[in-house]
Every structure is written in C-alpha cells, then in structure tokens.
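A.B. asks: Take a look at the following structure, please.
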Amino acid sequence: MIRLLAISGSLRAVSTNTTLLNAAMRLAPDGMTIALFEGLATLPPFNPDLDVDPLPAAVADWRGRVAAADGLLISSPEYARGIPGSLKNAFDWMVSDTEFAGKPVAFFHASERAVASQAALRLVLETMSARIVEDATITVPLLGKQTDVDSLLHDKAVTGRIVVALEAYAVALT
Ligand SMILES: Cc1cc2nc3c(=O)[nH]c(=O)nc-3n(C[C@H](O)[C@H](O)[C@H](O)COP(=O)(O)O)c2cc1C
C-alpha cells in the first residue's frame with residue numbers, strides 16, 4: 001500500500017487547495033491511500049532551541065506523519081509572492097530531520113498564477129533534498145472559483161487529470 005500525506009498550505013475553511021487535495025483523496029487508485037495533514041496551524045513557530053528532545057508534541061506528530069508517508073502531496077496558495085508562513089514553518093521543522101532527504105514530493109497547484117511561490121517552494125524542498133515527482137505534479141486552475149469537492153468530482157476534465165497524476169505517482173514509487 002502506498003501512503004501519501006497531503007498538505008494544504010491554506011488554513012481557509014473553503015480553501016481551493018484543500019478542496020483539490022480532498023478530491024485527490026477520493027480519487028486515490030487501488031493500492032494508494034491519501035491522508036490530509038490537519039496540524040499545520042498547531043505547529044509552533046520554528047525555533048532551533050526547541051529542535052531538541054523532547055520535541056514539542058505537534059512537531060513530533062508532524063515528523064512522524066512525514067516519516068510514515070511514502071510521499072507528500074502539497075497544494076498551496078501564494079501570499080505576497082511567497083510561500084504561506086505556516087507551510088514554510090512546517091518545513092523549517094523538517095530541515096534537521098535526517099530522514100527527510102529523498103522524500104518524494106508532488107505538487108497539485110490550484111492556481112496557474114502563483115508562479116513565485118511555486119518556484120520558492122520547489123527551491124526550499126530541493127534544498128532539503130526532497131525528490132520532486134514531476135510526472136505527478138499538475139496545475140488545476142481553481143483560483144477565485146467557489147467549488148467544493150463534490151462539484152470537482154463531477155468535472156471529468158479535472159478528475160481525469162488528478163487520476164493520471166496519482167497513477168504516475170504510484171508508478172514513480174514502485
Ligand atoms: C494576503 C494574501 C496575499 C495574496 N498574495 C497573492 C500573490 O502574491 N500572488 C497570487 O497569485 N495570489 C495571491 N493571493 C491569492 C491567493 O493565493 C489565492 O486566493 C489562493 O487561491 C487562495 O487559496 P485557497 O483557496 O486555498 O485559500 C493572496 C491572497 C491573500 C489572502
């Protein structure tokens with residue numbers, strides 16, 4: 001079984017990025033499960049002085065979930081031409097985790113406009129020696145759309161692209 005951890009960079013209740021990840025969870029092919037990480041807002045601001053045993057409980061949970069995942073699936077908005085602070089903070093907590101190197105990561109971009117943050121996130125994760133799975137990285141333009149997961153699942157063009165990306169992710173991990 002391939003276990004992916006989905007991470008949305010948006011804390012908004014009706015986030016298009018989270019909706020896209022929720023659709024991916026519902027479309028996971030046989031042999032793949034996708035769990036959504038819901039603890040982004042519970043992580044304390046990164047502080048190297050706290051990056052020692054015992055870790056803050058939220059950090060230990062985050063690291064455990066990343067370690068247990070075969071790969072990450074990230075969907076994030078762009079704020080002020082950059083990565084949302086809460087998402088960058090989460091990955092700052094992973095920098096000293098020796099198990100992170102080589103972790104497969106794919107991006108599901110929910111905006112075609114957010115090129116600066118996409119490039120910045122890629123740079124951060126490549127710096128941390130993540131393995132970017134290009135074949136599983138897609139852009140589904142949902143910017144400004146009032147959509148929910150059921151509507152998205154009725155859009156055959158969207159679901160087709162998600163399924164192809166997830167199948168490519170499975171191939172890349174086998
Ligand atoms: C404070 C703030 C700053 C933003 N800055 C940018 C930006 O620099 N570039 C951009 O393309 N969109 C920007 N946006 C728009 C969001 O990235 C966009 O609405 C995104 O789709 C929201 O994602 P969500 O629906 O998952 O919350 C900004 C939005 C907010 C609230």
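A.B. asks: Somewhere in the stretch 27-35, is a residue among the small types (Gly, Ala, Ser) and closer than 15 Å to residue 136 by Cβ? First the steps, then the outcome.
C.D. replies: Restricting attention to the stretch 27-35, the residues satisfying the condition of being among the small types (Gly, Ala, Ser) are 28, 31, 35.
Applying the additional criterion that residues be closer than 15 Å to residue 136 by Cβ yields 28, 31.
Yes; the residues of the stretch 27-35 include at least one that is among the small types (Gly, Ala, Ser) and closer than 15 Å to residue 136 by Cβ.
A.B. asks: Which of the numbered conditions does residue 3 fail, given that it passes all the others? Conditions: (1) part of a helix (DSSP H, G or I); (2) over 12 Å from residue 74 (Cα atoms); (3) not acidic (Asp, Glu).
C.D. replies: Going through (1) part of a helix (DSSP H, G or I); (2) over 12 Å from residue 74 (Cα atoms); (3) not acidic (Asp, Glu) one by one, residue 3 breaks only (1).
A.B. asks: Now for a separate question. Return the pairs, sorted by first residue and then second, in which the second residue is within 7 Å of the ligand (Cβ to nearest atom) and in a loop (DSSP other than H, G, I, E, B), the first residue lies in the stretch 1-24 and is at pLDDT 95 or above and among the charged types (D, E, K, R), the beta carbons are less than 9 Å apart, and the residues are 6+ apart or on different chains.
C.D. replies: Final answer for the pair search is 12/77.
A.B. asks: Just for the stretch 39-78: of the residues that are within 16 Å of the ligand (Cβ to nearest atom) and part of a helix (DSSP H, G or I), which one is surrounded by the most Cβ atoms within 10 Å (Cβ to Cβ)?
C.D. replies: Looking at residues that are within 16 Å of the ligand (Cβ to nearest atom) and part of a helix (DSSP H, G or I), I get 40.
A.B. asks: Taking only pairs six or more apart or across chains, which ones have beta-carbon atoms under 7 Å, a first residue in the stretch 77-92 that is at positive phi, and a second residue that is within 14 Å of the ligand (Cβ to nearest atom)?
C.D. replies: Pairs found: 81/116; 81/117.
A.B. asks: Looking at (1) of a type in the set (S, T, N, Q); (2) farther than 20 Å from residue 173 by Cβ; (3) away from the ligand (no atom under 16 Å from the Cβ), which is the only condition residue 33 fails?
C.D. replies: (2)
A.B. asks: Can you say whether residue 35 is within 16 Å of residue 9 (Cα to Cα) and in contact with a Leu (Cβ under 9 Å, 6 or more places away or on another chain), as far as the supplied structure shows?
C.D. replies: Values: within 16 Å of residue 9 (Cα to Cα): yes; in contact with a Leu (Cβ under 9 Å, 6 or more places away or on another chain): yes.
So residue 35 fits the description; yes.
Each row is one residue, and each column tells you yes or no for (1) at pLDDT below 95; (2) of a type in the set (Lys, Arg).
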residue: 62; (1), (2): no, no
residue: 65; (1), (2): no, yes
residue: 78; (1), (2): no, no
residue: 98; (1), (2): yes, no
residue: 120; (1), (2): no, no
residue: 173; (1), (2): no, no
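A.B. asks: Going by what's in this entry, would residue 29 be described as surrounded by fewer than 17 Cβ atoms within 10 Å (Cβ to Cβ), of a type outside the set (A, V, I, L, M, F, W, C) and touching a residue at least 40 places away in the same chain (Cβ under 8 Å)?
C.D. replies: yes
A.B. asks: Go through (1) within 26 Å of residue 12 (Cβ to Cβ); (2) more than 16 Å from the ligand (Cβ to nearest atom) one by one and return the number of the condition residue 113 breaks.
C.D. replies: Unmet condition: (2).
The values are calculated or read from the model by the stated rules, or taken from the named source; none is laboratory data. Keep in mind that this is a model prediction, so the values were computed, not measured. A quick note on method: Cβ atoms are made from the backbone with ideal geometry, for glycine too, and the neighbour counts reach across all protein chains shown.
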